[in-house]
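The values are calculated or read from the model by the stated rules, or taken from the named source; none is laboratory data. Quantities reported herein were computed from a predicted structural model and do not represent experimental measurements. Backbone-built Cβ (ideal geometry, glycine too); neighbour counts: all protein chains shown.
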Amino acid sequence: MKRDKHTVRLSPKTWNIVETHFQQDNCGTRNEFIEKAILFYTGYLKCNDSSAYLPRVVSDSLNGILEQSKKKLGRLLFKLCVEQNICNHILAAESDIDIPLYDKLRGRGVREVKETNGEISFLDDLKFQKEL
């Protein structure tokens, strides 16, 4: 895209805002940030009712927040899976459970998770094991 050079005078305070925020908006240059800001503001001005414009802005903000949350949850789930795997190895090393019993317990576990939507109680499992 062809670009023309223009001289724009900005107050030091405004230029400091550009300096501070252009990289936060994933802009490669200050010019890109300023151009996006101008297009954003003119889009806002063109709307007779600002509520028609704001939902897109809110939606973009929420998408950014959700993306960050998704990454954080992914990292936390990975760490949790590693810890669970370590516990599995410790239990397997110390356990007398044979494969058929394991298969039976796994089937029961799958059913319980489906029925309770994942709200499992250790006390319920302990009571079940004591009944065996």
Please specify each residue of the range 91-125 satisfying the condition of being surrounded by 10 or more Cβ atoms within 10 Å (Cβ to Cβ) and among the aliphatic types (A, V, I, L, M). Leu91, Ala92, Ile97, Leu101, Leu105, Val110, Val113, Ile120
Please tell me if Leu73 is among the aliphatic types (A, V, I, L, M), more than 30 Å from Leu39 (Cβ to Cβ) and surrounded by 10 or more Cβ atoms within 10 Å (Cβ to Cβ). yes
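So in the range 76-132, with the set limited to residues that are hydroxyl-bearing (Ser, Thr, Tyr) and in a helix (DSSP H, G or I), which one is nearest to the chain's Cα centre (by Cα)?
Applying the first criterion (hydroxyl-bearing (Ser, Thr, Tyr)) to the range 76-132 yields 95, 102, 116, 121.
Applying the additional criterion that residues be in a helix (DSSP H, G or I) yields 102, 116.
Details: Tyr102: 35, Thr116: 25 Å.
That would be Thr116.
So which of Arg30, Arg3, Arg9 is modelled with pLDDT of 85 or more, basic (Lys, Arg), on the phi < 0 side of the Ramachandran plot and more than 29 Å from the chain's Cα centre (by Cα)?
Working: Arg30 fails: more than 29 Å from the chain's Cα centre (by Cα); Arg3 fails: modelled with pLDDT of 85 or more.
Testing whether each residue is modelled with pLDDT of 85 or more, basic (Lys, Arg), on the phi < 0 side of the Ramachandran plot and more than 29 Å from the chain's Cα centre (by Cα) leaves just Arg9.
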Candidate set from the range 37-75 (those that are within 15 Å of the chain's Cα centre (by Cα) and among the aliphatic types (A, V, I, L, M)); member that is modelled with the highest pLDDT: Leu73
